[in-house]
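A quick write-up on the structure given underneath.
What follows draws every value from the coordinates through simple rules; no lab data is involved. Treat the numbers as computed from the prediction; the structure is a model and nothing was measured. Cβ coordinates were reconstructed from backbone atoms using ideal geometry, including for glycine residues, and neighbour counts include every protein chain displayed.
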Amino acid sequence: MAVSIKIPSPLRRFTEGESVVEVNGQTVEEALENLIGQFSELAPQLYNEKGELRNFVNLYVRGEDIRYLDAMATKIKDGDEVMIIPSIAGGGETLSGKAEVATTFDRDEYLRYSRHFSLPEIGLGGQRKLKEASVLIIGAGGLGSPASIYLAAVGVGHIGLVDYDVVELSNLQRQILYTSAEIGKPKLTIAKQRLQALNPNVEITTYAESLSSANAVSLFRNYDIILDGTDNFPTRYLVNDVCVFQGKPNVYGSIFRFDGQVSLFEAKEGPCYRCLYEEPPPPGLVPSCAEGGVLGVLPSVVGSLQATETIKWITGAGQTLIGRLLLFDALAMTFREVKLQKNPDCVVCGENPTITEPIDYEGFCGVSGLEEMVTVPELSVQKVKQKLDSGENHLILDVREKWEWDIAHIKEALFIPMNAIPSRLDELDPSREIVVHCKEGPRAIAMAEYLIKQGFPDVKNMTGGIKKWTIEVDPSLNLY
């Protein structure tokens with residue numbers, strides 16, 4: 001039977017750019033086997049070393065999660081669509097537990113919010129709820145920028161912002177809170193100024209620190225709802241878990257290349273993020289936006305949707321995304337929706353949870369401390385330069401993407417993109433010292449570990465990648 005498999009943008013580089021692939025099969029498993037028969041490089045992205053579907057890859061047939069059907073044996077029929085959804089890292093009608101407050105508006109506020117007052121679904125009552133509400137936004141970057149702008153504009157009474165970064169030139173393609181004049185300045189300083197200039201009635205509290213297991217519990221306690229604008233898996237799982245522990249809704253959004261995901265996780269009424277993705281992908285397997293890229297307007301689309309969900313949960317207007325995952329494909333300009341189910345065995349929100357307080361999320365996500373991780377020797381950019389100048393028999397291996405190579409590269413390097421390494425091992429000489437580099441380090445370390453495990457005896461990581469090389473060795477190269 002002919003079925004269509006929807007390929008998300010992170011995986012399209014393995015399908016020659018195809019977003020939909022037609023295959024035959026009686027079951028989901030047969031369909032995937034035929035898909036991999038056409039595109040063999042997809043196999044390690046979808047399956048682990050044991051041949052099992054990776055836990056951070058979910059499959060949907062006719063909008064239903066196959067984990068709650070017959071798993072890989074789920075039967076498919078002619079014309080069905082199978083959706084691959086990898087990880088990319090309702091509500092209450094009232095603010096539960098909050099005392100009624102006789103909130104009033106001044107003359108300017110009646111005019112400022114007049115377009116809300118005329119909406120029957122919001123009106124004076126809904127606007128009062130917004131003014132009484134508090135929202136904590138994790139991250140003041142691509143998603144946090146549009147979300148905070150709209151939440152301030154609509155009059156959310158108290159907005160908290162957590163971020164410790166400074167404005168960089170590469171932020172300005174998508175982070176609309178900032179301008180070129182503010183490069184090098186703390187994001188939260190600028191964000192607070194902008195948001196209070198937009199709406200002086202809103203209280204803005206900033207936390208110039210990294211969210212961690214040590215501070216998340218105390219930070220979340222003072223807010224009604226948490227908006228997740230993070231860009232890494234450890235923080236995403238931390239946000240999810242603490243929201244479950246404290247019974248707070250988690251407005252989830254993620255972006256990558258041309259794809260976006262949005263949902264509202266509230267464990268009291270539906271699933272949490274761990275019900276969707278039990279565990280994160282291994283480090284280096286899923287590129288960050290810095291490595292894989294992101295369409296400049298995509299964060300504003302997704303961040304605005306997160307703000308919309310936040311407003312709906314606070315006011316009780318409409319139907320929220322609890323139990324649903326909204327998928328946006330900017331290339332196809334389509335919105336799709338799949339159903340999410342609460343996992344009774346979830347380690348955080350299930351019937352018998354085994355995680356009841358924050359854990360080591362860096363270790364859980366494999367960023368540090370995994371038993372099977374191999375220690376990769378480091379080589380400074382200056383030492384690599386010395387080796388090049390002395391003519392030593394070593395190989396510099398560049399594992400970045402082609403577009404990155406085109407912007408800047410070390411002319412003596414061998415270019416093999418990270419995901420092509422397994423199929424091109426024969427191009428590497430085990431008798432030579434191999435120095436791996438990417439932009440800043442994470443991908444190079446992952447590939448160096450892989451090469452060591454494959455039996456290459458002398459593999460090192462060039463500390464700081466080509467970014468550090470450009471700054472300290474060859475300033476003629478382009479920074480990106």
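What number, in percent, do you get for the relative contact order of region 378-472 if the mean sequence gap of Cα pairs under 8 Å and at least 6 apart is divided by its residue count? Intermediate results must be reported in sequence, preceding the final value.
Values: 144 pairs, mean separation 33.6, N = 95.
Relative contact order comes out at 35 percent.
About the Cα centre, and with charges only on the beta carbon of Lys, Arg (+1) and Asp, Glu (-1), how big is the dipole of region 392-453? Nearest 20 debye, please. Walk me through the numbers on the way to the answer.
Details: 8 positive and 12 negative charges, 34 e Å.
With Lys and Arg at +1 and Asp and Glu at -1, about 160 debye.
Using only the Cα atoms of region 107-364, build the gyration tensor, take square roots of its eigenvalues as a ≥ b ≥ c, and label the shape rounded, prolate or oblate: rounded if a/c is under 1.5, else prolate if a/b is larger than b/c, else oblate. List each step's numbers first, then the result.
Numbers: a/c = 1.42, a/b = 1.17, b/c = 1.21.
Cα axes put region 107-364 in the rounded bin.
If you put +1 on each Lys and Arg Cβ and -1 on each Asp and Glu Cβ, how big is the dipole of region 2-86 around its Cα centre, in Debye rounded to 20?
Working: 9 positive and 15 negative charges, 47 e Å.
Here the size comes out at about 220 debye.
Looking at region 107-364, how many pairs of lysines come closer than 29 Å at the Cα, when each pair is eight or more places apart or spans two chains?
Eligible lysine pairs with Cα atoms under 29 Å apart amount to 25.
Set Lys and Arg Cβ to +1 and Asp and Glu Cβ to -1, take the dipole of region 2-86 about its Cα centre, and tell me which of Gly51, Asn24, Leu35 lies farthest positive.
Projecting each Cα onto the dipole axis, the largest value belongs to Gly51.
Note down the nm distance, to one decimal, between modelled labels 7 Å out along Cα→Cβ at Gln26 and at Glu427.
Going from the Gln26 label point to the Glu427 one covers 4.2 nm.
Quick one: Cα centre-to-centre distance for region 1-73 and region 297-370, in angstrom?
22
Give me the extension gain from Glu49 to Leu69: residue separation times 0.36 nm, minus the current Cα-Cα distance, reported in nm with one decimal.
Details: separation 20, 0.36 × 20 = 7.20 nm, distance 2.44 nm.
So the chain would gain 4.8 nm between Glu49 and Leu69.
Under 18 Å from a point 7 Å along the Cα-to-Cβ line of Asp360: which residues of region 199-213 have their amide N that close?
Of the residues in region 199-213, 212-213 have backbone N under 18 Å from the label point off Asp360.
Under 18 Å from a point 7 Å along the Cα-to-Cβ line of Glu278: which residues of region 46-77 have their amide N that close?
46-60, 65-74
So for region 325-480, taking the charge dipole from beta-carbon charges (+1 Lys/Arg, -1 Asp/Glu), which of Ile421, Asn352, Pro377 sits furthest toward the positive end?
With unit charges placed on the Cβ atoms, the residue in question is Ile421.
Among Ser118, Ser304, what is the fewest-to-most ranking by other Cβ atoms within 10 Å? Before the final figure, lay out each step's value.
Working: Ser118 9, Ser304 17.
The fewest-first ordering by Cβ neighbours comes to Ser118, Ser304.
For the chain, what class follows from the C-alpha gyration tensor (a ≥ b ≥ c being the square roots of its eigenvalues): rounded when a/c is under 1.5, otherwise prolate if a/b is larger than b/c, else oblate? Provide the component values of the computation, followed by the final result.
Values: a/c = 2.04, a/b = 1.38, b/c = 1.48.
Oblate is the answer for the chain, as a/c is 1.5 or above yet b/c matches or exceeds a/b.
Assuming a ≥ b ≥ c are the square roots of the Cα gyration tensor eigenvalues, decide whether region 348-480 counts as rounded (a/c under 1.5), prolate (otherwise, with a/b larger than b/c) or oblate. Each step should come with its number before you reach the end.
Working: a/c = 2.27, a/b = 1.79, b/c = 1.27.
The shape class here is prolate.
In the neighborhood of Ile36, defined by Cβ-to-Cβ distances under 12 Å, what is the net charge if each Lys or Arg adds +1 and each Asp or Glu adds -1?
Values: positive: none; negative: Glu29, Glu30, Glu33, Glu41.
After counting each charged neighbour, the total is -4.
Explain nothing, just the number: dipole magnitude of region 151-209 about its Cα centre with +1 on each Lys and Arg Cβ and -1 on each Asp and Glu Cβ, in debye rounded to the nearest 20. Can you show the working numbers first?
Values: 5 positive and 6 negative charges, 34 e Å.
Its charge dipole is roughly 160 debye.
Using θ = phi - 60° and the Karplus form 6.51 cos²θ - 1.76 cosθ + 1.60, what ³J(HN,Hα) does each residue of region 7-20 get, whole Hz, x for Gly and Pro?
Per residue, the Karplus-derived 3J(HN,Hα) values read 9, x, 4, x, 9, 6, 5, 9, 10, 6, x, 6, 8, 9 Hz.
Restricting to Cα pairs below 8 Å that are 6+ residues apart, what does the relative contact order work out to for region 2-86? Please round to a whole percent.
It rounds to 40 percent for region 2-86.
Taking Cα centroids, how far is region 241-259 from region 409-480 in Å?
Taking the Cα centre of each part, region 241-259 and region 409-480 sit 34 Å apart.
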